[in-house]
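Beneath this line is the structure, given in structure tokens, with notes to follow.
The values are calculated or read from the model by the stated rules, or taken from the named source; none is laboratory data. Computed from a predicted model, the values in this text were never measured in an experiment. Please note: Cβ atoms are built from the backbone with ideal geometry, for glycine as well, and neighbour counts cover all protein chains shown.
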Amino acid sequence: MDGRLQIFSGNANRPLAQAIANGMNINLGRAIVGTFRNGETRVKIEENVRGSDVFVVQPTCTPVNQHLMELLLLIDALRRASAARVTAVVPYYGYAKQEKKTTGREPISAKLVANLIRTAGADRVLTMDLHAPAIEGFFDIPVDHLQAGPLLADHLRLARLHDPVVVSPDAGGVGRANSFRERVGAGLAIIAKQRPRPDVVEMIEMVGEVAGKTAVIVDDMISTGGTLAEAARALRMRGAIAVYACATHGIFAGDALDALEHSDLLETLVTDTIPLPDGHQRGRISKISVAPLFAEAIVRIHKDLSLSALFS
């Protein structure tokens, strides 16, 4: 694209946006993103964006509704300021767990959020590790879906863990765990679980050999930590000598840090798509940055180059 490249950010994860901009040797665009006294979100763009190719970095993490509203108003303001193209960079896509109806009379919230982003004026979306890949189909605009798995796998491969086995905490994550296993060079185990009610997990059975091995639980997100804590306990009972976990999105809702602190996990590795909560050290949580990957993706989108190389 011929227009000037500019990056703006809301308040959801400004350090990530700054790191992306630094990696591209450009400055973050100046904008006021705050709140009026009556609680309404205030947005004002303080740069000339006419004819520019603009990227808005804003994960819709906690508080989800506030950050979603900031994203929508930023997109609308940029569109009305005559930006040539607006790309919503949403490293973490909120409401992604509500991508289908599980009972009657429920919304499909992930689809509604997709409609809102499109209606606000976004021309395309750049995201990472959607909880349900089918959400891409909810958009009527191009979606570039990055994956953090290779970054996390390479980090653990360099750690040279003893006889690792990659564990999927549920049947739905087997594909993700198998790709991870191939990069690390490890075995595969699968835990079957059920959710009797929201945010409550019960383990049913395990497939695969973990005795005498280092288990690495691989998931796309960590919310309450209940799944991880139960999985780690089950793995230790099956004879795993050590248990680690890694996930793209570290939500750590509610008492998640307490759950991890008192779990059998030696370390939990996440990315910086979502800012880590205060006191995360007590949960033995560490992070790696996805800023270089997003920076490369943004440059490629701006120059109309293929992103396929970033998915391998």
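Looking only at segment 284-312, filter to residues that are surrounded by 14 or more Cβ atoms within 10 Å (Cβ to Cβ) and more than 19 Å from the chain's Cα centre (by Cα); which one of those is nearest to Val243 (Cα to Cα)?
Arg284
Going by the conditions given, is Glu99 acidic (Asp, Glu), surrounded by fewer than 16 Cβ atoms within 10 Å (Cβ to Cβ) and modelled with pLDDT of 95 or more?
Answer is no for this residue.
Criterion first (on the phi > 0 side of the Ramachandran plot, under 20 Å from the mean Cα position of the chain (by Cα) and not assigned by TED's automatic domain parsing to the domain that holds Ala295) does Gly212 satisfy it?
Judged against the criteria, Gly212 is not a match.
In this structure, is Val201 outside any helix (DSSP H, G or I), within 21 Å of Gly94 (Cα to Cα) and at pLDDT 95 or above?
No.
Name every residue in segment 261-306 that is in contact with a strand residue (DSSP E or B) (Cβ under 6 Å, 6 or more places away or on another chain), outside any helix (DSSP H, G or I), touching a residue at least 24 places away in the same chain (Cβ under 8 Å) and not aliphatic (A, V, I, L, M), in order of residue number.
Asp264, Thr268, Thr271, Asp272, Thr273, Arg284, Lys287
Just the residues that are assigned to a loop (DSSP other than H, G, I, E, B) and either at pLDDT 95 or above or aromatic (Phe, Trp, Tyr) (or both), please, taken from segment 239-260.
Matches in segment 239-260: Gly239, Ala240, Ile241, Ile251, Phe252.
Kindly evaluate Leu130 against the criterion of being of a type outside the set (Asp, Glu), farther than 30 Å from Ile75 by Cβ and either at pLDDT below 95 or touching a Phe, Trp or Tyr at 6+ places or on another chain (Cβ under 7 Å) (or both).
Judged against the criteria, Leu130 is not a match.
Can you tell me how many residues in segment 147-161 are more than 23 Å from the chain's Cα centre (by Cα) and touching a residue at least 60 places away in the same chain (Cβ under 8 Å)?
Within segment 147-161, residues that are more than 23 Å from the chain's Cα centre (by Cα) and touching a residue at least 60 places away in the same chain (Cβ under 8 Å) number 1.
Taking segment 125-149, which residues are buried (at least 17 other Cβ atoms within 10 Å of the Cβ) and outside any loop (DSSP other than H, G, I, E, B)?
Val125, Leu126, Thr127, Met128, Ile135, Phe138, Val143, Asp144, Leu146, Gly149
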